[in-house]
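Quick notes on the structure that follows.
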Amino acid sequence: MSKVKSIIVLFLTVALIGGLGFIAVFGVGENKTGAASKIKRGLDLEGGVSITFGVVGETPAATDLNDTVFKLKQRVDRIDTEAQVYPEGNDRINVEIPGADNAEEILEELGRPGSLYFIRHYAPDNTTPNYSYDSASGMYVLARDLDEIIADGSAILSGTDVKSATARTSKNDYSQVEYVVELVFTPEGAKIFAEETTAAYERGRDSIAIYYDGELISVPNVQNPITSGTGIISGQASMEEAEKLASNIRIGGLSLELEELQSKVVGAQLGMDAIDTSVKAGIIGLIIVMVFMIAVYWIPGVASALALAIYTILVLLTMNAFELTLTLPGIAGIILSIGMAVDANVIIFARIREELGTGKTVRSAIDIGFKKALSAILDGNITTLIAAFVLIWFGTGSVKGFAITLAIGIVLSMFTALVITRLILKALYGIGLRSEKLYGATKEHKTVDFLKRKALFFGVSAALIVAGIVGMIAFKAQGKGSLNYGLEFAGGTTITVPMNEEYTLERVNKEIVPEVEKVIGSGDIQTQTVKGTTDVIIKTRTLNSDERTELETVLRDTFDIAEDKEIGQDTIGATISNEMRRNAVISVAIATLCMLLYIFIRFRDFRFATSAVVALLHDVLVVLAFYALFRVSVGNTFIACMLTIVGYSINATIVIFDRIRENMKSMTKKDDLKEVVNKSITQTLTRSIYTSFTTFVMVLVLFIMGVNSIRLFALPLMVGIVCGAYSSVCITGALWYVMKKRIGAGKTK
């Protein structure tokens, strides 16, 4: 690259950082479009709309209520993946949508839960109509009582027979675009629908009406028998109309009929302090990492610092552009991703220094360094990206939200490392910074015999995992639960306190929360304010009757709440239902299998894949042991923490395996496989230490400066980072070596 081109590249880099940075901080126009402050925030950071639904009719069975909660959560996920749905009492369900302030708009988009039926045109006598067209209103109406229609079998299907309903566009016979709703039925529903549409078609393309929430919302004519289990409802005037019809059909598939009891706008669960301290922690951590990279790698460090700044800005702008919901774990995830983004640069710079150590010129070392680092970077990131896509496809709620953020971070990280860092580094070289001293050179280090101590490493790991299992069994035997499940997993008690004046959330946490902690003996408390009222909502672990009475007395006496003001108390279910937990486990299992398959294909050796997954499980189990033994609250950040460790662990393992694969290609018959493995681990040791350090620093700053909730996320994550570094250096290579020697024979090609 010529000097002029180099100057232009550097000028554009600075301009890009300045321009995009300005947009990320201040936005564009009066609406501040693109500003980080405009990123959609979750319930914990901004609050939103809370809607309470009641079950119509008798008190339902717990299984029916839980099934309805799960299905309603699936509907709500279409609005926001960070929304919460949980049971309250025995016959109510709460839905909380982050970032919203208009309950009517949410209800319109969500659909009002009610009974849905597919009704044939005529009763069994084939002469009495079940519905007819009312010219006065211009709508179809029922001609008979709904109970009669259901009783004589004219209601051929209910909403539970519909597997999915999706609005989309299609082209008719005249190649014109029309808006339709695609229905997919369950196997039993498909069979019945095939019979009914065949009969309706033979009657002269008769209609089948869809009844929902007291009215006929669609009366389509059957154009052909539908025997495939998938039907199309055409004739919608707009995509909005098609979306509304699809939404109503989806919501009508709930197990129970619901009615809206109340809706309100609730404040954030955490105050502005949470955002301010997390942002400050992110900035400080970013500066520390940049200074570290420059101090260690000099000119390449400057290139990585500039690329890291671009990466951080791009992450913020992308979240804004895709309207992703930012939660407190999300902030932690972004800060963590900044630390992990350094990984690719460390791999590249280590390679450059190795080439300089062999006598290569700076220019040649840069080209070869990027080329040799490419396979490790691609394999590590693609493996994690596969896991992210699986979690997006199969996951729900916070799992899906986390996976989307993870995927964006991976793509941007690879782009900035492989494209931006390279351009900047070549530009710095092009303006005259060409001395080898400015880039550093690494002489080959003496090989450390890690495999000599493999029995010790395996023993330590086994002891940690066994200690966790024993601890979980012991705590469960004591009636404390194998893990310290928080409100999101175990449910609890909600208390609505009508204060004498409006409280800010900061004031609630400062004045009210300490009084609650004294009574219940736990710091696992969530608080919210209700917009336009003096009500304060407090959520705690499940309280017994004595604790409820004591707490009410303390609140009334301490804050002078009159007796005629009712302090509402009720039991709430877990926001993370059993179905969501099961889906999370299934999606992680599928993601693990996909990662295993990819590693097997790329490395052509099942022992690499098996070792990587075992090391991954090792890290997860050690962190789980930490949760169990130190009774760290298992809340909504638990899943995000575990998923982060999975991605971090597999990435670190791939780097070492890539070096083993490379060294084995030049291995002769006289070379000892043990020496090759030890050499590979030694060669990547600097990368393992530096990457772990930068990531640890980012999380440590977050732990020191963050609020209590973020500390509960950062603490086990720090344990996971240390464990990931340990397993990648001490476990993975040794495990592969043992499997290589004992399972199968022959040299890997």
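Go through the stretch 1-43 and give me each residue that's of a type outside the set (A, V, I, L, M), outside any helix (DSSP H, G or I) and open to solvent by 20 Å² or more (accessible area, probe 1.4 Å).
We begin by selecting, within the stretch 1-43, every residue of a type outside the set (A, V, I, L, M); these are 2-3, 5-6, 11, 13, 18-19, 21-22, 26-27, 29-34, 37-38, 40-42.
Of the ones still in play, those that are also outside any helix (DSSP H, G or I) are 2, 27, 29-34, 40-42.
The answer is SER2, GLY29, GLU30, ASN31, LYS32, THR33, LYS40, ARG41.
Of the numbered conditions (1) open to solvent by 20 Å² or more (accessible area, probe 1.4 Å); (2) part of a helix (DSSP H, G or I); (3) hydrophobic (A, V, I, L, M, F, W, C), VAL448 fails exactly one; give the number of that condition.
The single condition VAL448 does not satisfy is (2).
Mind checking whether some residue in the stretch 439-447 is out of contact with any His (no Cβ under 6 Å at 6 or more places or on another chain) and closer than 23 Å to VAL9 by Cα?
yes
Being assigned to a helix (DSSP H, G or I), of a type in the set (S, T, N, Q), more than 30 Å from VAL222 (Cα to Cα) and open to solvent by less than 10 Å² (accessible area, probe 1.4 Å) is true for just one of THR68, THR63. Which residue is that?
THR68
Which ones in the stretch 208-231 are under 19 Å from SER170 (Cβ atoms), loosely packed, with under 15 Cβ neighbours inside 10 Å and in contact (Cβ under 8 Å) with a residue 40 or more places away in the chain?
Result: THR230, single match.
Conditions first: (1) in contact (Cβ under 8 Å) with a residue 60 or more places away in the chain; (2) closer than 30 Å to ILE572 by Cβ. VAL95 passes all but one, so which condition is the exception?
Checking VAL95 against (1) in contact (Cβ under 8 Å) with a residue 60 or more places away in the chain; (2) closer than 30 Å to ILE572 by Cβ, the one that fails is (1).
How many of the residues in the stretch 159-184 are in contact (Cβ under 8 Å) with a residue 60 or more places away in the chain and more than 35 Å from the chain's Cα centre (by Cα)?
The total comes to 1.
Name every residue in the stretch 134-156 that is part of a strand (DSSP E or B) and over 14 Å from TYR211 (Cα atoms), in order of residue number.
Correct list: ASP134 only.
What about SER238, is it open to solvent by 30 Å² or more (accessible area, probe 1.4 Å), among the hydroxyl-bearing types (Ser, Thr, Tyr) and over 14 Å from LEU183 (Cβ atoms)?
So SER238 passes the test.
Would a scan of the stretch 292-310 turn up a residue that is closer than 19 Å to GLY21 by Cβ and in contact with a Leu (Cβ under 6 Å, 6 or more places away or on another chain)?
Looking for residues that are closer than 19 Å to GLY21 by Cβ and in contact with a Leu (Cβ under 6 Å, 6 or more places away or on another chain), one finds at least one in the stretch 292-310, hence yes.
Considering ASN651, ASN678, ASN708, ASN663, which residue is out of contact with any helix residue (DSSP H, G or I) (no Cβ under 7 Å at 6 or more places or on another chain) and either more than 30 Å from LYS539 (Cβ to Cβ) or in contact (Cβ under 8 Å) with a residue 40 or more places away in the chain (or both)?
Details: ASN651 fails: out of contact with any helix residue (DSSP H, G or I) (no Cβ under 7 Å at 6 or more places or on another chain); ASN678 fails: out of contact with any helix residue (DSSP H, G or I) (no Cβ under 7 Å at 6 or more places or on another chain); ASN663 fails: out of contact with any helix residue (DSSP H, G or I) (no Cβ under 7 Å at 6 or more places or on another chain).
The unique qualifying residue is ASN708.
Okay, residues lined up against (1) outside any strand (DSSP E or B); (2) in contact with an Asp or Glu (Cβ under 7 Å, 6 or more places away or on another chain); (3) within 19 Å of ILE192 (Cβ to Cβ); (4) among the β-branched types (Val, Ile, Thr):
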position	(1), (2), (3), (4)
ILE210	no, no, yes, yes
LEU216	no, no, no, no
SER228	yes, no, yes, no
GLY231	no, no, yes, no
GLY235	no, no, no, no
GLU243	yes, no, no, no
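If you check every pair at least six apart or on different chains, which have Cβ atoms under 7 Å apart with a residue in the stretch 131-158 that is farther than 21 Å from GLY253 by Cα and open to solvent by 80 Å² or more (accessible area, probe 1.4 Å) first and a residue that is β-branched (Val, Ile, Thr) and not in a strand (DSSP E or B) second?
Matching pairs, first to second residue: TYR140/VAL219.
Let me spell it out: the conditions are (1) surrounded by 14 or more Cβ atoms within 10 Å (Cβ to Cβ); (2) closer than 20 Å to PRO220 by Cα, and ARG205 meets all of them except one. Which number is the exception?
(1)
Could you check THR496 against (1) open to solvent by less than 30 Å² (accessible area, probe 1.4 Å); (2) closer than 20 Å to PHE559 by Cβ and say which number it fails?
(1)
Here is a check on your reading of the model: is SER263 farther than 30 Å from TYR503 by Cα and open to solvent by 10 Å² or more (accessible area, probe 1.4 Å)?
Details: farther than 30 Å from TYR503 by Cα: no; open to solvent by 10 Å² or more (accessible area, probe 1.4 Å): yes.
Spelling it out, it is not the case that SER263 is farther than 30 Å from TYR503 by Cα and open to solvent by 10 Å² or more (accessible area, probe 1.4 Å).
Out of the residues in the stretch 167-192 that are touching a helix residue (DSSP H, G or I) at 6+ places or on another chain (Cβ under 8 Å) and assigned to a helix (DSSP H, G or I), state the one that is least open to solvent (accessible area, probe 1.4 Å).
Here the residue is GLY189.
The values are calculated or read from the model by the stated rules, or taken from the named source; none is laboratory data. Note that the structure is a prediction, hence the values are computed from the model and not measured. Counting neighbours? That spans all protein chains shown, and the Cβs are built from the backbone with ideal geometry, glycine included. Remember, those area values only see protein heavy atoms, side chains included, never the ligands or the DNA or RNA. Shrake-Rupley method; radii C 1.70, N 1.55, O 1.52, S 1.80 Å.
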